[in-house]
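*Asks:* Supplied in structure tokens, the structure appears directly below.
The values are calculated or read from the model by the stated rules, or taken from the named source; none is laboratory data. Nothing here was measured: the structure is a model prediction, and the numbers come from that model. Cβ coordinates were reconstructed from backbone atoms using ideal geometry, including for glycine residues, and neighbour counts include every protein chain displayed.
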Amino acid sequence: MNGNVKSWCVGCHLSALAGFVIPALGHIGGPLIVWLVKRGDSAEIDEHGKEALNFQISMLIYNVIAGILCLLLIGFVLLAILHVLNVVFVVIAAMRASEGQMYRYPLTLRLIS
């Protein structure tokens, strides 16, 4: 895998952190844009993009459930845990991508294959 492909693979994962700047759609929008624009350039970029996107969609679903559970107060704790896990797993995935390895996120629903 050449350096340009590695950079885009890392970008697939790290672009999810845009959600902290653009809260409504940044977590999904970042990986989606990178994946849609660069997926045809390399099979590796395509795989990393799908993995990052699947994880962010899964996290969105979990956050909605946790948001509903805020009515029972447990949701606030779950939301905090989900945000920490999101950052940790994204950083791990980006580090693995920079090493040329594929990272399979835990807790991920494989909706895009």
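*Asks:* Take Ile65 and tell me if it is on the phi < 0 side of the Ramachandran plot, assigned to a helix (DSSP H, G or I) and at pLDDT below 95.
*Replies:* Values: on the phi < 0 side of the Ramachandran plot: yes; assigned to a helix (DSSP H, G or I): yes; at pLDDT below 95: no.
So Ile65 does not fit the description; no.
*Asks:* Right, something else. Just one of Lys6, Lys50 is of a type in the set (D, E, K, R), over 21 Å from Thr108 (Cα atoms) and either within 12 Å of the chain's Cα centre (by Cα) or in a helix (DSSP H, G or I) (or both); which is it? Break it down stepwise before answering.
*Replies:* Details: Lys50 fails: over 21 Å from Thr108 (Cα atoms).
Answer to the selection: Lys6.
*Asks:* Also, I was wondering about something else. Of the conditions (1) touching a residue at least 24 places away in the same chain (Cβ under 8 Å); (2) of a type outside the set (D, E, K, R); (3) surrounded by 14 or more Cβ atoms within 10 Å (Cβ to Cβ); (4) under 17 Å from Gly30 (Cβ atoms), Tyr62 clears all except one; give me its number.
*Replies:* With respect to (1) touching a residue at least 24 places away in the same chain (Cβ under 8 Å); (2) of a type outside the set (D, E, K, R); (3) surrounded by 14 or more Cβ atoms within 10 Å (Cβ to Cβ); (4) under 17 Å from Gly30 (Cβ atoms), Tyr62 is out only on (4).
*Asks:* Looking at (1) farther than 13 Å from Cys12 by Cβ; (2) loosely packed, with under 15 Cβ neighbours inside 10 Å, which is the only condition Asp41 fails?
*Replies:* All conditions pass for Asp41, except number (1).
*Asks:* Further question: Give me the pairs: first residue in the stretch 87-100 and assigned to a loop (DSSP other than H, G, I, E, B), second residue at pLDDT below 95 and of a type in the set (D, E, K, R), beta-carbon distance under 7 Å, and six or more apart or on different chains, which are they?
*Replies:* Gly100/Lys6
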